[in-house]
Structure formats: structure tokens, C-alpha cells
Amino acid sequence: MNTASFKKWGMTKITDVSKFIRGVSYKKEDSTIDSNTDYMTILRANNICNGKLELEELIRVPKKYVKEEQMLREGDVLIAMSSGSRSVVGKAVTIRGSISASFGTFCGVLRPSKGLLPEYFGYFFQSAEYRNAISNMAAGVNINNIKISHFDAILIPIPSLDEQKRIVARLDQLLARVDSCRAHLDRAAAAIKRFRQSVLNAAVTGALNQSNFDKWQLFSLEQIGTLARGKSKHRPRNEPKLYGGPYPFIQTGDIANSGGRITSHKQTYSEEGLKQSKLFPAGTLCITIAANIADTAILTYPACFPDSVVGFIADNKVALNRFIQFAIDANKTLLDELATATAQKNINLSTFQKFKFRAPLVEEQVEIVMKAETLLNKADEIESKLTAARERVDNLTASILAKAFRGELL
């Protein structure tokens, strides 16, 4: 497509080429199923995920609340009109194929006018032009809600119907290939995850160094080191005076996202915070016992943590913290199953203290740790490349869509 052709495209308000339809209003109690009532499936904002429709956690309300025009049609663009986060408000999905459903109060539908290809219209809502426009609106005012008037400010380029068809055909072709690349990367990432688990299993069963596992001694953590719960005694815990000082304060999320070693933190304690807590030394193995169960990380510097984390320091004559970390990581699923679920999952300190596993002599642990870390480092390298490749694929999608709506794709 040449520049002269693109100059003939019209820039039109979204609201001039579509009809906006509000979602169904209903009360929570309306979704209680009664065998004597006809119901309609309702889609909500959480059913819109990465430009696709996820048909999970659906609710149903009596059909009497649903108007005929609120029934979803092929080509409708379903939009999240309200959200607690700027990053998801305005997310959209095009309805492709037949679906017997409506949509809730916090969603809206833009139904394209005749003469506008629904697939072309739908692709626009996955473009950076649309996402940036919605994001800028959310940044500028107190809107984690979109109003119909916001769409008046967003312009969509409209080529001829023939050009729309050609653009859609090309987008379908290219984005299908991108999706295929993404699926390959997902499979590779899953394979790396399985590889990591196999390395851990081999490390703690003697398979990694062809050791005689039957000769390994059975230990509990309390027999080979010191296990202590983190402290955060002050109430309320969010008292401002406790924070902002020089002492790192490690939380469960820091451990879950650490990759096995604590090298950074988001929060710190003041002198007041330290007084009601405890500073654990570098080298301590941190283990989560609430929310995320049995996530582990080794401190690379002294730090405090709350009572949802326990710290383990091995007697280095009989065990290495890194080997114990491998043992806990390898048994994470089992430990998670031992956790009790109340408002959130948690596991007793005594469960960790008495949890049994086998370990060889410390000299053999050194050998196992060295071999395992070599393999896990290779996995890290591959995973890093996969992450970079995934970013390139995601950027490619944005680039393809941008070219489509600049008249450059053909």
C-alpha cells in the first residue's frame, strides 16, 4: 500500500462508526440459581484476557434482566469499562463466532456499523494506538472507569472496505504465525521448568552424582541447624515509623520472585522497626510459611523478615544451606499439601522442624551442589534467552498492528 492510498483514509471517531451498548444491571443475589427460572450467561471484565475470551468463572442471571440488544453478537467488541487498575481498564476482545451470552455492568460493547468490517474494527482495539489513548485518559483523571465520551476522543483510520478485507486477511496470517511462535516459547519454558525440577530431584536422591542414596542419613531441620521464625511484633504492622531506615525487610513476595537468592528488596526497617523484629545474617535460608508455601531464597546480606517467613542456618559440619534449599525446593509440592487453608494457606513451624529428608556427608553435599548449580545456571541462561525472545514476539505483535493502522502492512 502506498502513502497516497493511506492519505485517502478517513480518521473517524469510534463513536461515529459503532453503537455503544451498556452492560446488564443485576444484583448479586440474582445470580443464585433457581430451577424454575431461565438464566443467561454473563461475561465480565475478568473474562477478557490478552485480547482473548476466557470462559471461566462465568455467572448466570435471570433472562428477564437482559435486553435483546445486550445479547452478544459476532463482531461485537467487549470492553472492560471499570477496573481497579489503569493497566486493565479498557481491555477489549472481539466476539468471533456464535455465543449465547450477555455482559455485566462493568463491561460495555461497541457494535460496528454497516460498512465497517467487524474484524478490522476489532483488531484496532488490540493496537498500541488504542491502548495508549485509554492509558493516557486513565493517567489524566480519576478514571478507573471509562465513559462513552472517552471514545469520542479516539480516532480510528477507515480505509475502503476492500482494503479492510485485505488488511484483516494479512493480520490473520501474520498474527497466527506470531501465536505459533509464542506457543513454541511456552512449550520451551515448560520444558525448562521440568528440567529444573529433575535436577533438584536428582540432587536430593543421589542420582546427580551416582551416590548410594540408601546410605544417606535421615535428618530433620531441627537436628542439623537452627530454625527461627521471623519477627514483626508491632501492631499495626503498617505504622509509618517502622519503615524507611537502613535495615532490609524481606517479605514473602521478595522470596517468591528472587530466583533463589535475595539480592534486592523493596522495603526497609527503621531503628524502631528493627527493635520489634530480628536481623538474620547473610547466608540464612529464608522459607515462606504463609500465602506461598515453601518458597526459598538465601540472603546475600543481613535482613529482617516477618513471621510469615522462617530462617534456617545449617550446622556447616553436617549440612550446607544450599543443599537444604534443594531438598525443600524438591519437596515443595508435598509441603504445600501439608499446609492448612484458612483465610490463606499457612504451615506450622513445627512441621518444618520435624520434616524428614535424607542427606549425605557434607563433603558429598559440596559435590552435589556444584554439579546442580552448573546445570541450573545453564537453565537460567536458556530461560533468559526465552524471556528476551518472548519480549520480541510481543513487540512484533504491536509492530504488526501499528503498521496495519498506518497503511504500511500491505
What about residue 191, is it closer than 30 Å to residue 307 by Cα and among the aliphatic types (A, V, I, L, M)? no
Taking only pairs six or more apart or across chains, which ones have beta-carbon atoms under 7 Å, a first residue in the stretch 278-298 that is touching a residue at least 40 places away in the same chain (Cβ under 8 Å) and on the phi > 0 side of the Ramachandran plot, and a second residue that is outside any strand (DSSP E or B) and among the polar types (S, T, N, Q)? 291/252; 291/308; 291/344
If I filter the stretch 349-362 for residues that are in contact with a helix residue (DSSP H, G or I) (Cβ under 9 Å, 6 or more places away or on another chain), small (Gly, Ala, Ser), touching a residue at least 12 places away in the same chain (Cβ under 8 Å) and in a helix (DSSP H, G or I), do I get at least one hit? no
Assess whether residue 69 counts as being part of a helix (DSSP H, G or I) and buried (at least 17 other Cβ atoms within 10 Å of the Cβ). no
Pairs with Cβ under 7 Å, 6+ apart, first in the stretch 188-201 and modelled with pLDDT of 95 or more, second not hydrophobic (A, V, I, L, M, F, W, C): 192/383; 200/329
Spot the failing condition for residue 113; the list is (1) at pLDDT below 90; (2) surrounded by fewer than 17 Cβ atoms within 10 Å (Cβ to Cβ), and only one is missed. (1)
Every residue from the stretch 212-263 that is modelled with pLDDT under 95, of a type in the set (Ser, Thr, Tyr) and surrounded by fewer than 18 Cβ atoms within 10 Å (Cβ to Cβ): 220, 226
Just checking, which of 386, 376 is under 30 Å from residue 178 (Cβ atoms), at pLDDT 95 or above and in contact with a helix residue (DSSP H, G or I) (Cβ under 8 Å, 6 or more places away or on another chain)? 386
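The values are calculated or read from the model by the stated rules, or taken from the named source; none is laboratory data. Source: prediction; values computed, not measured. Every residue, glycine as well, gets a Cβ built from its backbone with ideal geometry; the counts of neighbours run over all protein chains shown.
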